[in-house]
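Notes to accompany the following structure.
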Amino acid sequence: MDKTQNYYSDKIVYKPWGQEHVVYNNKNDLAITLIDIKYGHKTSLHSHPKKKTGFIILDGTALVQIGLYKKNVKKFKPLSRLVIRPGLFHSLKADSKKGMCALEFETPYMKNDLIRLEDSYGRQSKSYEGKKHTKKIIDNSLAKFKKPKLGKKNIYKFKNLEILIETKKNFNKFSKKNDKTTTAILDGRIVDNKGQDVIKTGEIVKTSTLCILAKKFKIKKPITILKVSRKNK
């Protein structure tokens, strides 16, 4: 792994809007960061020239601006998903009094791939936060995910949600969930009979969508997925 990325793998990064920390990484290919935004605060309006980013909202409500125009703001509730292409400016704001938490997926893992256009805290010309704004994680209660062995599952609880990570060779026993369940690809890909990518690392989709694709196409190599759903009552 690149030394810069390795530095952030065990650190909390403090932001003027809250904090974040990396909860999972697949070398330099992908990283998942848990972001926690305080009520009424927002990230800078920024873009990532080289990497694709995606979000799964876990708690609270997010107001997301996509593009340069403030009228392009949409509300996202828990289990909502969105994927941002490289170069597209975006900003997230916590619209709930309890704040907002989300999983951010970046492909590839490049924390310094950042351009800020506007920022409420005077960071327009600054790069990603460095050592002065970080602290090594010593609290075991903070979420950290692990990649399971083939055929195994790791399950994590986050408030009223369940986060499941599993590695599979096929989807023969893949459980069919309703459209409120969200799945992200952490490693591997699904291809057609010509070897063309149908879906690959970093994509976030409805679980039912993944079930449909799995019936029509094949897994190129063992695939690792993350699935978020509401806990069974």
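Would you check if there is a residue in the range 143-150 being under 17 Å from the mean Cα position of the chain (by Cα) and either assigned to a strand (DSSP E or B) or at positive phi (or both)? So far as the range 143-150 goes, no, none of its residues is under 17 Å from the mean Cα position of the chain (by Cα) and either assigned to a strand (DSSP E or B) or at positive phi (or both). If the condition is being of a type in the set (S, T, N, Q) and touching a Phe, Trp or Tyr at 6+ places or on another chain (Cβ under 6 Å), then the range 97-144 contributes only N112.
Exactly one residue out of I190, I219 is at pLDDT below 95, surrounded by 14 or more Cβ atoms within 10 Å (Cβ to Cβ) and within 20 Å of the chain's Cα centre (by Cα), and it is I190.
For (1) assigned to a strand (DSSP E or B); (2) not hydroxyl-bearing (S, T, Y), each residue gets a yes or a no:
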position	(1), (2)
Y39	no, no
C101	yes, yes
F105	yes, yes
R123	no, yes
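Going residue by residue through the range 102-121, is there one that turns out to be aromatic (F, W, Y), touching a residue at least 60 places away in the same chain (Cβ under 8 Å) and closer than 21 Å to T182 by Cα? Yes: the range 102-121 contains one or more residues that are aromatic (F, W, Y), touching a residue at least 60 places away in the same chain (Cβ under 8 Å) and closer than 21 Å to T182 by Cα. Residues of the range 123-145 that are charged (D, E, K, R) and either at pLDDT 95 or above or within 26 Å of H48 (Cα to Cα) (or both): R123, K126, E129, K131, K132, K135, K136, K144.
The values are calculated or read from the model by the stated rules, or taken from the named source; none is laboratory data. On a predicted model such as this, the values are computed, not experimentally measured, just so you know. Glycine gets a Cβ as well: all are built from the backbone with ideal geometry, and neighbour counts include every protein chain shown.
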